[in-house]
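Heads up: the structure comes next, in structure tokens.
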4 protein chains.
Amino acid sequence: MSDYGQTFALWRDAAGQHWPAYTRHRFVEGLGDGSLPRAAFLDYMVQDYLFLVHFSRAWALAVTKAETVDEMRLCAATVNALINDEMALHIRTCADLGLTEADLFEAEEKPQNIAYTRYVLDAGHAGDLLDLLAALAPCVMGYGEIGARLKGEATSESYADWIATYASEDYQQVCREVGALIDAAITRRLGTTPQDSPRWTALTQRFTTATRLEVGFWDMGLEAA
Amino acid sequence: MSDYGQTFALWRDAAGQHWPAYTRHRFVEGLGDGSLPRAAFLDYMVQDYLFLVHFSRAWALAVTKAETVDEMRLCAATVNALINDEMALHIRTCADLGLTEADLFEAEEKPQNIAYTRYVLDAGHAGDLLDLLAALAPCVMGYGEIGARLKGEATSESYADWIATYASEDYQQVCREVGALIDAAITRRLGTTPQDSPRWTALTQRFTTATRLEVGFWDMGLEAA
Amino acid sequence: MSDYGQTFALWRDAAGQHWPAYTRHRFVEGLGDGSLPRAAFLDYMVQDYLFLVHFSRAWALAVTKAETVDEMRLCAATVNALINDEMALHIRTCADLGLTEADLFEAEEKPQNIAYTRYVLDAGHAGDLLDLLAALAPCVMGYGEIGARLKGEATSESYADWIATYASEDYQQVCREVGALIDAAITRRLGTTPQDSPRWTALTQRFTTATRLEVGFWDMGLEAA
Amino acid sequence: MSDYGQTFALWRDAAGQHWPAYTRHRFVEGLGDGSLPRAAFLDYMVQDYLFLVHFSRAWALAVTKAETVDEMRLCAATVNALINDEMALHIRTCADLGLTEADLFEAEEKPQNIAYTRYVLDAGHAGDLLDLLAALAPCVMGYGEIGARLKGEATSESYADWIATYASEDYQQVCREVGALIDAAITRRLGTTPQDSPRWTALTQRFTTATRLEVGFWDMGLEAA
């Protein structure tokens, strides 16, 4: 299993069966064995583009909530990685269908998509950087885990481009860096035994709720099939 | 039809069939004719309590985005009406089932609930007071319309307490005051012919998206039956 | 010395000589012995009205960052006390000079005023409720201490109305309630030995910076003499 | 005079004598003729580093308030230019004195510095992207004008490194791009005759207040001499 830091490992455990419900969702397995209908994938790509727009906004919000230069720089770098690198996959894939980036940007967000991104943004506005990071982590690291696993397990080439994006060393490095950011941010605010902090449960709940909303996102993807 | 101001009437028209899909939803009709299963109603009341918590937060956010004393005072008064009056219905109803307010506060939010409240909050953070008011309006005024209509049309006493709350002169007065607030806020920022403003379409879309999310909220209520 | 809770007492101690520099500032002593020029007082009242506008916005922001019903209700009640009660003193006093509330609202904010209120608001946006409360506390409790002390020590009737407002049982009760809110919010997030939390120093610095900005506010008042 | 877009030109005119009070401040002239005491310059560099931290946060906030991909990308790029390029001048200059970046980050912010940065951040939180851009513009463009002018007029080499940074083609390009961003954002929200919008006056006041706070920032710099 990928090593994205101590805090992530604890939060993932605390999410219980919600974590595999997300990372081994039928949508995900369909990416690996090629059984996912192309229409469902394309609908997902459009929604995921919109997701990335608001996810980038959430990482930008993190810049405003950082307390150290290192926190600021890494959050700002992540905004750029999202806007300039990860979105490129979506733009490229959708261009093959004749959809321009403007078409993607103007597409209608589905409720499950709205639920997830706005929950993350509100976690940041309501709390501090830790609340925001706990809501951001499931997407960043979950996709890293999925990419790394499917790279070895995929039995179909149908979605090789998608798998390669998240299995790439670049993306895995983002996951490790975000994991290190979270570990350092936790130590800075909760000390070296964060599980003893009264905030620990609330933070695991943030992570778990975001994980549940990831499951809803995949469900949405299958509904479009 | 109730008169909650000029802007509301225009936004409601722009929402097209989404508006009656919300205000004449099967859940609503079930409140009027008593066909709504009690279990669905109670599940809805728990979710709606959580909704009001975050809706109150959104009206508090409006206080921080007001530009005049009148805007500030009315938004602050609305926070209080929500926290102290409207929530009382929910606490009273749920107390009959043995649920304390603490139980309500700790209940798990469903995704459709998260989608709606966090969308409204983000509308406020992303934009100015108008963006926020356009997202707040469908709930405030829609419930006013529903209450006023069911007061005359209801054929069952099953949900008379709920209907009386929203049909009450107090609640209707809130709707008229919020309508006047919106009209004044629009004139202040967009002038006397707001439909000519380049922002008009985006504001109607905010209103329409919030209306769609209201439909999802009722759907969620029926799913619990 | 007034008892506004355990946390406040610790934060006040941590502020060192900045605390008496604020609560025993020459401006304050001039309110007690009547030596403060009337022009300075009136200029201060105009600026303080604007201060209260933004201070109310900061308490409204606190509503959006609350994690319990009690936190929400007390923050919302404080917004109302500020907008409806405390501001009334300013409106009444300034009306005697022929200034309407609209005149007050449109007055130009001085830089020291901007520095203080926007610092408090940003403390809330950057951090969680504790960061915001640490920045809000010096004003609330400092005025409580000053009012209570001058009630006994004042040798002049010149500013009796001002002193009576902050010495009043109503205002002292606000201070005690805010003190209890802070104590509970601290325990909820940092546990029962908050001084051991890694965040403790940052919170005392928030309180101290806000106290320094209070000193600047009184300096501004004297400059207008 | 530099061409940083139509809106900037109008806002600069509306700021009246506050604009030259800022761009031709005695501190600025001292940079050009070398009469500025080194101690004042170094104190300014420490404060300006802290300013850039919060100014970067404000540009990150702009990412969260963007309504188009272009707005998002340019705001994100500006965050990076500030954090990675402009701050480098400050780190390099202060390193010569034995100050590390950590020393800079931990330095105590002066009230005039707090006033300016937190005002800008609050402009963004209170309003929409236009309110934020109007508060951001005076710093970005004012430094561009000062750099371009001093490049031709400076009679001393004492502060050549500072002048070269802001006179550089890179920095001038940032000013032109931000000017184009503002023009497009204005047209998108207020139409092609923005001066007819009811919001126009409020936006010019935002710009003027930020300009006044720039004057206070230079005053602060001289006080340290």
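The values are calculated or read from the model by the stated rules, or taken from the named source; none is laboratory data. Since we're looking at a predicted model, the values are computed, not measured. Cβ atoms come from the backbone with ideal geometry, glycine included; neighbour counts cover every protein chain shown. Please note that ligands, DNA and RNA were not included when accessible areas were found on the heavy atoms of the full protein model with its side chains. Shrake-Rupley method; radii C 1.70, N 1.55, O 1.52, S 1.80 Å.
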| field | Conditions (1) away from chain C (no Cβ under 14 Å); (2) among the aromatic types (Phe, Trp, Tyr); (3) within 30 Å of C:Ala58 (Cβ to Cβ): number failed by B:Tyr49 | value | (1)
| remark: When region A:112-155 is checked residue by residue, the ones that are farther than 23 Å from A:Asp183 by Cα, within 13 Å of chain B (Cβ to nearest Cβ) and without any contact (Cβ under 8 Å) to a residue 40 or more places away in the chain are A:Ile114
| Is there a residue in region D:108-117 that is surrounded by fewer than 24 Cβ atoms within 10 Å (Cβ to Cβ), modelled with pLDDT of 95 or more, of a type in the set (Lys, Arg) and farther than 30 Å from A:Met87 by Cβ? | yes
| query | List pairs: first in region B:201-220 and within 17 Å of B:Ala58 (Cβ to Cβ) and more than 10 Å from chain A (Cβ to nearest Cβ), second among the charged types (D, E, K, R) and open to solvent by less than 40 Å² (accessible area, probe 1.4 Å), Cβ under 6 Å, 6+ apart or cross-chain? | reply | B:Arg206/B:Asp131
| task | Considering only region A:149-173, state which residues are assigned to a helix (DSSP H, G or I) and open to solvent by 40 Å² or more (accessible area, probe 1.4 Å). | result | A:Lys151, A:Gly152, A:Glu153, A:Asp161, A:Ala164, A:Glu169, A:Asp170, A:Gln173
| query | Would you pick out the residues in region C:153-211 that are more than 20 Å from C:Asp122 (Cβ to Cβ) and polar (S, T, N, Q)? | reply | C:Thr155, C:Ser156, C:Ser158, C:Thr165, C:Ser168, C:Gln172, C:Gln173, C:Thr187, C:Thr192, C:Thr193, C:Gln195, C:Ser197
| Consider A:Ala134 against the criteria (1) assigned to a helix (DSSP H, G or I); (2) open to solvent by 30 Å² or more (accessible area, probe 1.4 Å); (3) of a type in the set (Gly, Ala, Ser): it satisfies all of them except one. Which criterion is unmet? | (2)
| remark: All-but-one check, D:Glu86 against (1) of a type in the set (Asp, Glu); (2) more than 14 Å from chain A (Cβ to nearest Cβ); (3) within 25 Å of D:Ala115 (Cα to Cα), failing number (2)
| query | Quick one: which of A:Val79, A:Val69 is closer than 28 Å to C:His125 by Cα, within 9 Å of another protein chain (Cβ to nearest Cβ), aliphatic (A, V, I, L, M) and surrounded by fewer than 23 Cβ atoms within 10 Å (Cβ to Cβ)? | reply | A:Val69
| message | Looking at region C:188-196, can you tell me whether even one residue there is among the polar types (S, T, N, Q), open to solvent by less than 10 Å² (accessible area, probe 1.4 Å) and in a helix (DSSP H, G or I)? | response | no
| query | If we keep just the residues of region C:38-53 that are within 14 Å of C:Asn113 (Cβ to Cβ) and aliphatic (A, V, I, L, M), which is surrounded by the most Cβ atoms within 10 Å (Cβ to Cβ)? | reply | C:Val46
| query | Given C:Thr209, C:Thr201, which one is open to solvent by 20 Å² or more (accessible area, probe 1.4 Å), at pLDDT 95 or above and closer than 23 Å to C:Tyr44 by Cβ? | reply | C:Thr209
| remark: Taking region B:54-66 and the residues there that are crowded, with 21+ Cβ neighbours inside 10 Å and touching a residue at least 40 places away in the same chain (Cβ under 8 Å), the one that is farthest from the other protein chains (Cβ to nearest Cβ) would be B:Phe55
| task | Scan region B:156-170 for residues that are within 23 Å of B:Ala77 (Cα to Cα) and in contact (Cβ under 8 Å) with a residue 40 or more places away in the chain and jot them down. | result | B:Trp162, B:Ile163, B:Thr165, B:Asp170
